[in-house]
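Worksheet: one structure, shown below.
The values are calculated or read from the model by the stated rules, or taken from the named source; none is laboratory data. From a predicted model like this one, the values you see are computed outputs, not experimental measurements. A quick note on method: Cβ atoms are made from the backbone with ideal geometry, for glycine too, and the neighbour counts reach across all protein chains shown. We work out accessible area using only protein heavy atoms, side chains counted, and drop any ligands, DNA or RNA first. Shrake-Rupley method; radii C 1.70, N 1.55, O 1.52, S 1.80 Å.
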Amino acid sequence: EAQVRPDMELVVVDDGSGDDTPHLLAAFAAATAWRCRVVSLATNHGAGGARRAGFAAAEGRYLLCLDVDDELAPGALDAVAGAVADQPDTVLVFDYAVRIGDRRTTEAGMVAPACDGPDAAVAALLRGEISPHLWNKVLPRHGLVPADFSERRIGEDLATLVRVLQVHPRVRRVPVRVPFRRRVRTPGP
């Protein structure tokens, strides 16, 4: 709630939960200052299917996908908005932090500062020079359709990013760690 921006919309996808999540999300959407839309899927489709449904419901010009275990750091959406204004029609790759227990590490979302052209962008992705995750990227929406978001259960982000980079081959690294803190779950006892 601290980062509410009237120029952005929030699309929350309930991926077939079997608990009270639909009611909690409806209450949140009714009470929040966000322009919020809740999409409820009857059955679980996994991250790729949830992203596909969220994309289909979204109306904005850019897309930022977050998973349930992601956090936005303070000022993250301002950083995203500033980067989009500076680099329109570009896939923006943000650096991010991973937190495992009490330890934090910073990860570069992209090795090079820039990459242009579909062959170069996809090759950089496949070589591991661009992180294979959707959750640290801002994607231009135009030219993409829901079917571009892979519904695979494993490797869905990589498959989706290959398609995105074919449509939007201009990629820029935003060397700011601010936007994302990724929590990695550690196995319990």
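Computed quantities for the displayed model
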{"quantity": "Residue match in the range 154-168 (condition: under 12 Å from Val91 (Cα atoms) and in a loop (DSSP other than H, G, I, E, B))", "calculated": "yes"}
{"quantity": "2 or more residues more than 25 Å from Arg152 (Cβ to Cβ) and free of Cβ contacts under 8 Å to residues at least 12 places away in the same chain: qualifying strands (runs of 3 or more DSSP E) within the range 41-118", "calculated": "103-107"}
{"quantity": "Which numbered condition Phe94 misses (of (1) open to solvent by less than 20 Å² (accessible area, probe 1.4 Å); (2) modelled with pLDDT of 95 or more; (3) not small (Gly, Ala, Ser))", "calculated": "(2)"}
{"quantity": "Hits in the range 129-181 - residues which are of a type in the set (Gly, Ala, Ser) and either modelled with pLDDT of 95 or more or open to solvent by 20 Å² or more (accessible area, probe 1.4 Å) (or both)", "calculated": "Gly143, Ala147, Ser150, Gly155, Ala159"}
{"quantity": "Considering residues of the range 5-24 that are surrounded by 15 or more Cβ atoms within 10 Å (Cβ to Cβ) and over 19 Å from the mean Cα position of the chain (by Cα) only, the residue farthest from Leu72 (Cα to Cα)", "calculated": "Gly16"}
{"quantity": "Options Ala50, Ala57, Ala83; residue that is of a type in the set (Gly, Ala, Ser) and out of contact with any Lys or Arg (no Cβ under 9 Å at 6 or more places or on another chain)", "calculated": "Ala50"}
